[in-house]
Amino acid sequence: MAKTIDIPSGFVLVMDRAYVDFHWLHILDCRRITFVIRLKENKVKDKTNNIIKDQIIVLTGINTATNYPKQLRLVVVYEPDK
């Protein structure tokens, strides 16, 4: 459904992890639309600091690297209530 909506440049989309379609995310990025998505895996290493990881990453899978060839920012946050 989200893919059918005309989203203006400059918007920030916060989406559930079901929207991990790297080709579509690349199209959004090219249109200057920012997106935030939770990862499918939830790993917590350090419960004393809310920001566990903040990295620039590149997708390496055959399909994912083709569908999203640019860098992404990966931020892992610990939420004590969850």
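Condition check: assigned to a strand (DSSP E or B), open to solvent by less than 50 Å² (accessible area, probe 1.4 Å) and at pLDDT 85 or above. Does ILE56 satisfy that? Step through it out loud before you land on a result.
Numbers: assigned to a strand (DSSP E or B): yes; open to solvent by less than 50 Å² (accessible area, probe 1.4 Å): no; at pLDDT 85 or above: yes.
In short, no.
Restricting to region 16-25, and then to whatever is among the hydrophobic types (A, V, I, L, M, F, W, C) and in contact with a helix residue (DSSP H, G or I) (Cβ under 7 Å, 6 or more places away or on another chain), can you tell me which residue is modelled with the highest pLDDT? I'd like the intermediate steps shown before the answer.
So in region 16-25, the residues among the hydrophobic types (A, V, I, L, M, F, W, C) come out as 18, 20, 22, 24-25.
Checking the rest, the ones that are also in contact with a helix residue (DSSP H, G or I) (Cβ under 7 Å, 6 or more places away or on another chain) come to 22, 24.
Values: PHE22: 87, TRP24: 90.
Applying the filter and picking the extreme gives TRP24.
Return the pair list, or none, for Cβ contacts closer than 8 Å from residues in region 26-50 that are modelled with pLDDT of 90 or more to residues that are of a type in the set (Gly, Ala, Ser) and part of a loop (DSSP other than H, G, I, E, B), at least 6 apart or on different chains.
Filtered contacts from region 26-50: ARG31/SER9; ARG32/SER9; ARG32/GLY10; ILE33/SER9; ILE33/GLY10.
Across region 65-82, what is the total count of residues that are farther than 23 Å from THR4 by Cβ, outside any strand (DSSP E or B), open to solvent by less than 80 Å² (accessible area, probe 1.4 Å) and at pLDDT 85 or above?
Step one: list which residues in region 65-82 are farther than 23 Å from THR4 by Cβ, which gives 65-66, 69-82.
Filter once more, keeping what is outside any strand (DSSP E or B): 65-66, 69-70, 78-82.
From what is left, the residues that are open to solvent by less than 80 Å² (accessible area, probe 1.4 Å) are 65, 69, 78.
From what is left, the residues that are at pLDDT 85 or above are 65, 69.
Result for region 65-82: 2.
The values are calculated or read from the model by the stated rules, or taken from the named source; none is laboratory data. All values derive from a computational prediction rather than experimental measurement. Cβ sites come from the backbone with ideal geometry, for glycine too, and all protein chains shown count toward neighbours. SASA here: full protein model, heavy atoms, side chains in, ligands and nucleic acids out. Shrake-Rupley method; radii C 1.70, N 1.55, O 1.52, S 1.80 Å.
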